[in-house]
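The values are calculated or read from the model by the stated rules, or taken from the named source; none is laboratory data. Note that the structure is a prediction, hence the values are computed from the model and not measured. Glycine gets a Cβ as well: all are built from the backbone with ideal geometry, and neighbour counts include every protein chain shown.
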Amino acid sequence: MLLVYIPLVSLVFVIYVKWRLNYWKRRGLFQLDPEFFFGNTRNEVLGSVSKFEVFRDRYLYIKSVNRKQCGMYAFLDPWYLPVDHQIIKNILQRDFSYFENHGMYHHEKDIVSMNLFNIEGEAWKQLRVKLTPSFSSLKIKTMFQILLDKTTILEKIIHSYSSENEPINIKDMMRRFTSDVIASCGFGVEANSMEDPDNEFTRVGMEAFYPGLLKFFLIETFPAGLLANLGLRSNGYKTSKFFSDLVTQTLQYREKNSISRSDFLQLLLELKRNKTMTDNEIIAQCFIFFIAGFETSSTTAMFAMLELAQNEGIQNKLRDEIRSVLGKHGGDLCCDAVMEMEYLDKIVNETLRKFPPGAVIPRRCTKTYKVPGTEVVIEKGTRVIIPVWGLHRDPEFYPNPEEFNPENFSTENKAKRPDIAYIPFGEGPRMCIGLRFGVLQTKLALIALLRNFKHTLNSRTKTPIEIDPEAIFVLNIKGDVWLNVSKV
C-alpha cells in the first residue's frame, strides 16, 4: 500500500524544491540559476573549489551583466548577494541595525562558540563595549615588547636557514610565529612553536580552522539549539577543552599568586574582578583572540612574502625603507619606527586587498528591509553575503587587479575610489576589533624577514597558486610555500 504513495510524495517533494528555488524570482530579483536540491552550492559542498573563489567570481559575473544585486541558494535556503558598493555600504554602515548579526552558530552549551564574533543583539553590544578598550593603541603598545621578543626569535631562525642554505616553508613558519605571539600576548604562555614543531598551540589552531566541510555546512544549515543538544560543537572536544583548561588554570594561578602581566588575559581578569565578565565569557573571548590572530595574520604575512619573492624591485624598495627608518632610530625596532614605514603600510594593505583573509562577510537580516531605490525586500532571517574579495578584485576600483601594486594605496589612488572598495577587516560597528594588533604583528614579521635577508621563490612552491577549498574561515593557499633565503 505504501508503494502507492511513493510517486505522490516524490512529486510533492520535487514541486516544493522547485518552488523554493524560485523564491527570489517571485520577489522580482535577478537570481543565479540553481541546481536541483543543491541550489548554487554544489561545488563548495563537494570541496571541488573554494567558496571564496566562488563568491569572488559571482561578484564579477553579476557586475558584468550590469546587476547591482542578486539572489542565490545554499541548498534550498535563499541568500542575498549585493555587489553595488552603495548597497554594501548601507548594509554595513547606515542600515547596520537591520544586519547587525553575523548569523554564526553559537550556543551556551558550547562555551567557546559564545565569543564576540558569533554572539548577537544586546549581548554582542555589551561585550563589544567591554572589550574595545583592550585593543586601543595604548594597550597594544604595552604588549609591544612581547611582540618584539618573538620577532627577535624569528629573525634568528631565518638567519639559521640562510647560514645552512636551506629553503624555508614560510606558510608553516608564519603560523608558528603568530602562534607564539598570541600565546604570549594572549595567555602569558611561552608556546615555543617556532622552535618546537610538535607544539600543541599550533596543532590546536590548525584543528580549529579546518573542522571539515561537512561539519561546516551542518553548522551553517541547522539551528544552533538542535546541533548543541545533539552534541555537535563548533570545534572538537579536544580543542574546546584545551582552551578551557588553559584559561581556567592561568586565571586561578594569577589570582592565587597576585600576578599581573601586560597581556590580553590580564585585561579580561580585571573585568572579572569588576564583576562584568564570567569565567566562561573569558574562555570564549580568549579562544576568538587566538583564532582571529592565528590564521589571519599568518596568511597575510605569507601572501606578502610570496608576492615579494616574485617582485625583486618591490622587495628591495621595502628593505631600503626598513633600514633607513631603523637607522633614524639608532637601529632600534620600536613602535614609532614601525609607524613611520609608509611603504611597508602600502605593502600590507595591497596584500590584504589581493588576498583578504576574510574574503566574505556574513550577515543575517534581523528585521525586514527594503533595499533603497529598489522594490526588493529582504525578509528577516535571510542570509546576506558581502563578497569582499570581489570588491578587492574589481577593475572599476583597481586597474589591473591581478597585479601586486603597492601604489594602489598611494594617497592619490585611494582618493579615486570609495572607501567601501577596501574592507579587509569589515566595516561599520562590527568591524574587526583586533585589526591594529593583527597589522602590527604582520608588519613586525615582515621586518624580521626582510631587513637582513633576500627571498626568492623556491622550485618546490607550486605556481600558479591554488586556493585551498578546505580553508573554510580564512583564505589560504593549497600546499606549502617554500622560499630561498640569503643574507644581504
Which of (1) in a helix (DSSP H, G or I); (2) farther than 22 Å from Leu147 by Cβ; (3) among the β-branched types (Val, Ile, Thr) is the odd one out, the single condition Ile447 does not satisfy? (2)
Test: residue in segment 299-307 that is crowded, with 24+ Cβ neighbours inside 10 Å, hydroxyl-bearing (Ser, Thr, Tyr) and either touching a Phe, Trp or Tyr at 6+ places or on another chain (Cβ under 8 Å) or more than 28 Å from Leu449 (Cβ to Cβ) (or both): yes
Would you pick out the residues in segment 22-39 that are at pLDDT 95 or above and within 12 Å of Trp79 (Cβ to Cβ)? Tyr23, Trp24, Leu29, Gln31, Leu32, Pro34
Under the condition of being surrounded by fewer than 21 Cβ atoms within 10 Å (Cβ to Cβ) and touching a Cys at 6+ places or on another chain (Cβ under 9 Å), which residue from segment 81-116 is modelled with the lowest pLDDT? Gly103
So Glu44 fits all but one of (1) within 24 Å of Thr374 (Cα to Cα); (2) touching a Lys or Arg at 6+ places or on another chain (Cβ under 6 Å); what number is the exception? (1)
Can you find even one residue in segment 114-121 that is within 30 Å of Lys443 (Cα to Cα), of a type in the set (A, V, I, L, M, F, W, C), in a helix (DSSP H, G or I) and under 20 Å from the mean Cα position of the chain (by Cα)? no
Restricting to segment 308-333, and then to whatever is touching a residue at least 12 places away in the same chain (Cβ under 8 Å) and in a loop (DSSP other than H, G, I, E, B), can you tell me which residue is surrounded by the fewest Cβ atoms within 10 Å (Cβ to Cβ)? Asn311
Conditions (1) under 17 Å from Val384 (Cα atoms); (2) out of contact with any Lys or Arg (no Cβ under 9 Å at 6 or more places or on another chain); (3) part of a helix (DSSP H, G or I); (4) not β-branched (Val, Ile, Thr) -> Tyr59 fails only (2)
Identify all residues within segment 414-440 that are surrounded by fewer than 18 Cβ atoms within 10 Å (Cβ to Cβ) and either within 14 Å of Ile347 (Cβ to Cβ) or among the acidic types (Asp, Glu) (or both); write none if there are none. Asp419
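Looking at Lys443, Lys487 in this structure, which one is crowded, with 17+ Cβ neighbours inside 10 Å, over 29 Å from Lys125 (Cα atoms) and among the basic types (Lys, Arg)?
Details: Lys487 fails: crowded, with 17+ Cβ neighbours inside 10 Å.
Exactly one of Lys443, Lys487 is crowded, with 17+ Cβ neighbours inside 10 Å, over 29 Å from Lys125 (Cα atoms) and among the basic types (Lys, Arg), namely Lys443.
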List the number of the failed condition for Lys18; all other conditions in (1) within 28 Å of the chain's Cα centre (by Cα); (2) farther than 30 Å from Asp245 by Cβ; (3) outside any loop (DSSP other than H, G, I, E, B) hold. (1)
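Considering only segment 1-50, state which residues are among the hydrophobic types (A, V, I, L, M, F, W, C) and touching a Ser or Thr at 6+ places or on another chain (Cβ under 9 Å).
Going through segment 1-50, the residues among the hydrophobic types (A, V, I, L, M, F, W, C) turn out to be 1-4, 6, 8-9, 11-15, 17, 19, 21, 24, 29-30, 32, 36-38, 45-46, 49.
Selection gives Leu29 alone.
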Test: Ser48 is surrounded by fewer than 16 Cβ atoms within 10 Å (Cβ to Cβ), in contact (Cβ under 8 Å) with a residue 60 or more places away in the chain and within 25 Å of Arg430 (Cβ to Cβ): no
All but one of (1) buried (at least 24 other Cβ atoms within 10 Å of the Cβ); (2) touching a Lys or Arg at 6+ places or on another chain (Cβ under 9 Å) hold for Thr296; state the number of the condition that does not hold. (2)
I'm trying to understand the selection: among the residues of segment 21-45, which are part of a helix (DSSP H, G or I), touching a strand residue (DSSP E or B) at 6+ places or on another chain (Cβ under 6 Å) and not basic (Lys, Arg)? Tyr23, Trp24
Residue by residue through segment 156-192, note down the ones that are in a helix (DSSP H, G or I), among the charged types (D, E, K, R) and surrounded by fewer than 20 Cβ atoms within 10 Å (Cβ to Cβ). Lys156, Asp172
Flag if Ile465 is β-branched (Val, Ile, Thr) and within 22 Å of Ala292 (Cβ to Cβ): no
Being among the small types (Gly, Ala, Ser), part of a loop (DSSP other than H, G, I, E, B), at pLDDT 95 or above and more than 23 Å from the chain's Cα centre (by Cα) is true for just one of Ser459, Ser486. Which residue is that? Ser459
With the requirement that a residue be outside any helix (DSSP H, G or I) and within 30 Å of Asn101 (Cβ to Cβ), what does segment 399-422 give you? Arg417, Pro418, Tyr422
Would you check which residues across segment 350-390 are assigned to a helix (DSSP H, G or I), in contact with a Lys or Arg (Cβ under 9 Å, 6 or more places away or on another chain) and in contact (Cβ under 8 Å) with a residue 60 or more places away in the chain and list them? Arg353, Trp389, Gly390
